[in-house]
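Just below is one structure, and these are the notes that go with it.
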Amino acid sequence: MIRLLVGLGNPGPEYAQTRHNAGFWWIDAAAHSLGARLNAERAYFGLVARVNRTGPDAVPVWLLEPQTYMNLSGKSVASLARFFKITPPEILVVHDELDLPPGQMKLKLGGSHAGHNGLRDIHAQLGSADYWRLRLGIGHPGVKSDVVDYVLRKPPADERDAIEKVIADSMLALDLLLAGDMDKAMMKLHAKPPRPKPPRPPKADIPPADPEPGT
């Protein structure tokens, strides 16, 4: 069961449309889907929403957008998680991923931070890497030295559309994620759209038969 949804990004209008804020875009979509509204909570250093779920085993679900800047994301995540006694396996962190192209996403549990500064600080503050991550592809600039400028720039319209589409698609698995049914969630999240069928070759024009002699 997931009790805390976290989207990573940087606060402020100058960063709002940049690739590094893909996690914020996801949380905004989740809040809309769940009918929640994010509000500033100084105690948790972020924008926070609480969603009361229904059902016999339902527990409140928290949505969080840390406002600490990316490098200190763990300060916000750990503050809320510790107060409400939320364990790392009950946390899903959504973040931008250089190693996936725009339009792809991957769900995984644990693993290294792979140089992502937001994940690096969450690792340190939680004292664990055993939380879930939803990696939203933003593509790679091709040169390591260009990464910082790349993630802090706006994607072109076609890439932004691809990211927005994959976020919308992921909302179809939101209930499965919250229920902790990760195998079924992965099947939905990792599914690729069917390839379009190739168009049928046009029918060859058949010339009319020559008229019979004498007609």
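Only the coordinates and a few stated rules stand behind these numbers; no lab work does. Bear in mind the structure is a predicted one, so any value in this text is a computation, not a measurement. Note: ideal-geometry Cβ built from the backbone for every residue, glycine included; neighbour counts use all protein chains shown.
Per-residue answers, yes or no, for (1) among the hydrophobic types (A, V, I, L, M, F, W, C); (2) under 29 Å from H140 (Cβ atoms):
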| residue | (1), (2) |
| --- | --- |
| H20 | no, yes |
| W26 | yes, yes |
| A36 | yes, no |
| N39 | no, no |
| R42 | no, no |
| F45 | yes, no |
| G55 | no, no |
| L64 | yes, yes |
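Within the stretch 43-68, restricting attention to residues that are in a strand (DSSP E or B) and without any contact (Cβ under 8 Å) to a residue 40 or more places away in the chain, the residue that is farthest from A31 (Cα to Cα) is G46.
Sub-9 Å Cβ pairs linking a first residue in the stretch 135-161 that is among the aromatic types (F, W, Y) to a second residue that is buried (at least 17 other Cβ atoms within 10 Å of the Cβ) and in a helix (DSSP H, G or I), at least 6 apart or interchain, are Y150/R19, ordered by first then second residue.
Being closer than 21 Å to A173 by Cβ and among the β-branched types (V, I, T), is that true of even one residue in the stretch 63-72?
No: zero hits.
Cβ-Cβ distances below 6 Å connect the following pairs, each with a first residue in the stretch 1-19 that is closer than 13 Å to M70 by Cα, a second residue that is among the acidic types (D, E) and part of a strand (DSSP E or B), and a separation of six or more residues or different chains: G7/E65; R19/D96. Of the helices (runs of 4 or more DSSP H) contained entirely in the stretch 77-194, those carrying at least 3 residues that are not aliphatic (A, V, I, L, M) fall at 117-126, 157-170, 182-190.
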